[in-house]
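K.L.:
Here it is, the structure in full.
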Amino acid sequence: MTDTVGARFERLVAIMRTLRSPEGCPWDREQTVESLRPFILEETYEVLQAIDARDRTALKEELGDFLFEAIFVSRLCEEEGAFAIGDAIQTVTDKLIRRHPHVFAPDGTPLGNTSLTSQEVKERWEEIKVREGGPKKPRTLLSGVPRTMPALLRAYELSSRAATVGFDWVKTTDVLDKIDEEVAELRGAVATAGPTSAHAEEELGDLFFALANLARKLGVEPEAALRRANDKFQARFEGVERRAREEGRNLAKLTLEEMEAHWQAVKADAAAAAKG
């Protein structure tokens with residue numbers, strides 16, 4: 001199986017090489033590392049969508065597309081003389097061995113079963129990451145969290161890493177109390193400084209951050225939860241639109257009370273359908 005996987009991987013790398021060659025594809029030859037950024041982001045979200053849909057066939061396809069983007073970027077870097085895809089693979093291989101000293105010897109030989117808990121493993125992983133920075137490249141516990149991550153996910157990751165060293169609320173109810181506190185502060189900022197003030201924006205940010213912490217304490221990935229909420233809102237709103245069309249009415253001409261009535265009807269229909 002390893003040889004088969006290796007051969008398939010090498011064929012994909014060879015295809016990418018051909019696409020970038022003078023006899024290849026004009027569009028592929030025009031691309032740069034920077035121009036591929038939106039495609040990488042798009043493929044990332046398509047992988048997440050397949051995971052959320054629990055569609056393994058789609059996930060297989062999207063992971064292939066995601067892998068191709070990695071090979072594409074690596075090929076461009078190879079042409080620049082920076083590194084090739086094999087170097088990226090070696091880098092992550094070495095990193096995995098180095099950051100799992102409870103699983104591998106320095107040469108990569110498996111050590112056998114470990115007695116560490118999952119939490120202890122996470123703590124050790126973060127400690128090793130900080131040490132890897134060295135004196136010339138100091139790292140902090142949070143410095144490895146990319147600023148380009150979606151803000152809600154970054155809040156989740158920042159608080160998760162801080163929690164590995166004990167900087168965390170003890171109970172979930174403590175976070176709920178913090179959310180109540182942030183809501184009160186947001187109300188105060190809106191009342192005193194105005195709804196469009198910088199102070200209100202700051203307090204709203206604090207509220208979002210507290211909500212991300214609540215998601216972490218509940219074991220919920222906030223981006224996934226918000227995506228599901230977005231999908232639910234879209235389905236219900238489209239149901240309101242559909243009901244308005246069935247009445248021969250323009251949605252924009254409905255009163256708020258009429259739209260609310262349709263909204264509640266759509267919710268009731270969805271609840272009845274879910275019960276079977």
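The values are calculated or read from the model by the stated rules, or taken from the named source; none is laboratory data. Since this is a predicted model, take the numbers as computed values, not measurements. Cβ coordinates were reconstructed from backbone atoms using ideal geometry, including for glycine residues, and neighbour counts include every protein chain displayed.
K.L.:
Among the residues of region 155-162, are any in a loop (DSSP other than H, G, I, E, B), free of Cβ contacts under 8 Å to residues at least 24 places away in the same chain and in contact with a Leu (Cβ under 8 Å, 6 or more places away or on another chain)?
P.N.:
no
K.L.:
Same structure again: Looking at region 53-72, can you tell me whether even one residue there is out of contact with any helix residue (DSSP H, G or I) (no Cβ under 6 Å at 6 or more places or on another chain), modelled with pLDDT under 95 and outside the structural domain of Gln119 (by TED's automatic domain parsing)?
P.N.:
yes
K.L.:
Can you find even one residue in region 44-54 that is under 28 Å from Leu153 (Cα atoms), under 18 Å from the mean Cα position of the chain (by Cα), of a type outside the set (Phe, Trp, Tyr) and not in a helix (DSSP H, G or I)?
P.N.:
Yes.
K.L.:
Can you pull out every residue in region 198-226 that is among the aliphatic types (A, V, I, L, M) and over 18 Å from Asp180 (Cβ atoms)?
P.N.:
Once the filter is applied, which keeps residues that are among the aliphatic types (A, V, I, L, M) and over 18 Å from Asp180 (Cβ atoms), region 198-226 yields Ala198, Val220, Ala224, Ala225, Leu226.
K.L.:
May I pose another question? Residues of region 26-43 being in contact with an Asp or Glu (Cβ under 7 Å, 6 or more places away or on another chain) and in a loop (DSSP other than H, G, I, E, B), which ones?
P.N.:
If the condition is that a residue be in contact with an Asp or Glu (Cβ under 7 Å, 6 or more places away or on another chain) and in a loop (DSSP other than H, G, I, E, B), then Leu36 is the only one that fits.
K.L.:
Also, I was wondering about something else. Have a look at Thr18, Thr93, Thr32, Thr117 and point out the one that is in contact (Cβ under 8 Å) with a residue 24 or more places away in the chain and loosely packed, with under 13 Cβ neighbours inside 10 Å.
P.N.:
Thr32
K.L.:
Okay, next question. Pull up region 6-22, narrow it to residues that are more than 18 Å from Cys77 (Cβ to Cβ) and either among the small types (Gly, Ala, Ser) or not assigned by TED's automatic domain parsing to the domain that holds Arg75 (or both), then point me to the one that is farthest from the chain's Cα centre (by Cα).
P.N.:
Ala7
K.L.:
Next up: The conditions are (1) closer than 26 Å to Pro150 by Cα; (2) without any contact (Cβ under 8 Å) to a residue 60 or more places away in the chain, and Leu48 fails exactly one of them. Which is it?
P.N.:
Status for Leu48: all satisfied but (2).
K.L.:
Give Arg56, Arg98 a once-over and let me know the one that is in contact (Cβ under 8 Å) with a residue 24 or more places away in the chain and more than 22 Å from Pro38 (Cα to Cα).
P.N.:
Answer to the check: Arg98.
K.L.:
Look through region 220-259, keep the residues that are touching a helix residue (DSSP H, G or I) at 6+ places or on another chain (Cβ under 6 Å) and basic (Lys, Arg), and return whichever of them is nearest to Ala53 (Cα to Cα).
P.N.:
Step by step, filter region 220-259, then rank; the result is Arg236.
K.L.:
Still on this model: Considering only helices (runs of 4 or more DSSP H) fully contained in region 186-276, which possess at least 3 residues that are of a type outside the set (Asp, Glu), within 21 Å of the chain's Cα centre (by Cα) and surrounded by 15 or more Cβ atoms within 10 Å (Cβ to Cβ)?
P.N.:
198-218, 222-246
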